[in-house]
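This report concerns only the one structure given below.
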Amino acid sequence: MSQKNMSTVCLLGSPRRHCNSDVLAQRFMQQAAVIGAPTQTFALSELNYNGCKNLFRCKNDLDHCGQSDDLTPVLAAIAQAEVLVLASPVYFTSVTGQLKLAIDRFFSFFVPDYPTAERKSRLTSGRHLVFLQTQGEPEERYFDMIGSFSASFSGLGFDHHHLVRASGVRNPGDINSDSSVLKECDVIAAHIHSNS
Ligand SMILES: Cc1cc2nc3c(=O)[nH]c(=O)nc-3n(C[C@H](O)[C@H](O)[C@H](O)COP(=O)(O)O)c2cc1C
């Protein structure tokens, strides 16, 4: 498959729509679409779903998550995606609850013997994870959230990581005064979709 057609799925983690992290995500996804990538965006705050219930059905008798809810088509889309975009504000030093519940469901992508298996994921490797982080506090106050998730996502096959981080953005619209961070979205989208 040519890089131009790399399917790109975005999860919006903020509970408020069209604010700072949504704007970053929209910018990235627009650029990806212009380049020719098929794109799908899911606003998690508009979906009804639970976190992982640790019933282990995805390991014992199914090859996918045993829960059936609004996250089911999202997980199916991610399984096919070559680029996964996660957009989230920092909430109490981590991602939002909405996004964390969804990430926990990615457990279903691991094979049953994942602790010992050489290939731990049901997904193909070589995929891209793009993390779009917004935070109200200045840059020095927090680390890059992608760091705490990087080993897990690499294990799932999302082994190329990219971060765009906007600091000091608190109120709706604040992001629009940071043109450099918006341009970063364009640059990373172009880089991913044009380098094979
Ligand atoms: C519940 C809550 C917790 C937050 N915790 C933090 C935090 O720990 N550090 C920080 O820098 N900003 C924090 N913020 C500010 C948000 O990260 C900031 O407003 C961000 O731009 C919101 O993104 P959004 O506009 O996409 O919703 C918090 C905001 C809320 C509502």
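Observations, loosely collected:
- Yes/no for Val169 being touching a Gly at 6+ places or on another chain (Cβ under 9 Å) and among the β-branched types (Val, Ile, Thr): yes
- Residues of the stretch 152-188 classified as over 14 Å from the mean Cα position of the chain (by Cα) and within 21 Å of Gly126 (Cβ to Cβ), total: 3
- Qualifying residues in the stretch 1-56 (those that are open to solvent by 70 Å² or more (accessible area, probe 1.4 Å) and touching a residue at least 60 places away in the same chain (Cβ under 8 Å)) - the one nearest to the ligand (Cβ to nearest atom): Arg16
- Those residues of the stretch 122-149 which are farther than 22 Å from Met29 by Cβ and either touching a residue at least 40 places away in the same chain (Cβ under 8 Å) or surrounded by 16 or more Cβ atoms within 10 Å (Cβ to Cβ) (or both), in sequence order: Arg122, Gly136, Glu137, Tyr142, Ser148
- The listed residues are Ala81, Ala43, Ala76, Ala32, and the only one of them that is at pLDDT 95 or above and within 25 Å of Gly168 (Cα to Cα) turns out to be Ala43.
- Residue within the stretch 103-116 that is in contact with a strand residue (DSSP E or B) (Cβ under 6 Å, 6 or more places away or on another chain), touching a residue at least 60 places away in the same chain (Cβ under 8 Å) and surrounded by 21 or more Cβ atoms within 10 Å (Cβ to Cβ) present: no
- Enumerated helices (runs of 4 or more DSSP H) restricted to the stretch 44-150, each holding at least 2 residues that are of a type in the set (Val, Ile, Thr): 72-80
- Residue ID - most open to solvent (accessible area, probe 1.4 Å), chosen from residues in the stretch 154-166 that are under 18 Å from His191 (Cβ atoms) and more than 16 Å from the ligand (Cβ to nearest atom): His160
- When the criteria are applied in full, Glu184 meets the requirement of being open to solvent by 60 Å² or more (accessible area, probe 1.4 Å) and touching a strand residue (DSSP E or B) at 6+ places or on another chain (Cβ under 7 Å).
- Any chance Arg170 is touching a strand residue (DSSP E or B) at 6+ places or on another chain (Cβ under 7 Å), more than 16 Å from His128 (Cα to Cα) and charged (D, E, K, R): no
The values are calculated or read from the model by the stated rules, or taken from the named source; none is laboratory data. Computed from a predicted model, the values in this text were never measured in an experiment. No Cβ is skipped: glycine too gets one built from the backbone with ideal geometry, and neighbour counts run over all protein chains shown. Ligands, DNA and RNA are excluded from the accessible area calculation, which covers all protein heavy atoms including side chains. Shrake-Rupley method; radii C 1.70, N 1.55, O 1.52, S 1.80 Å.
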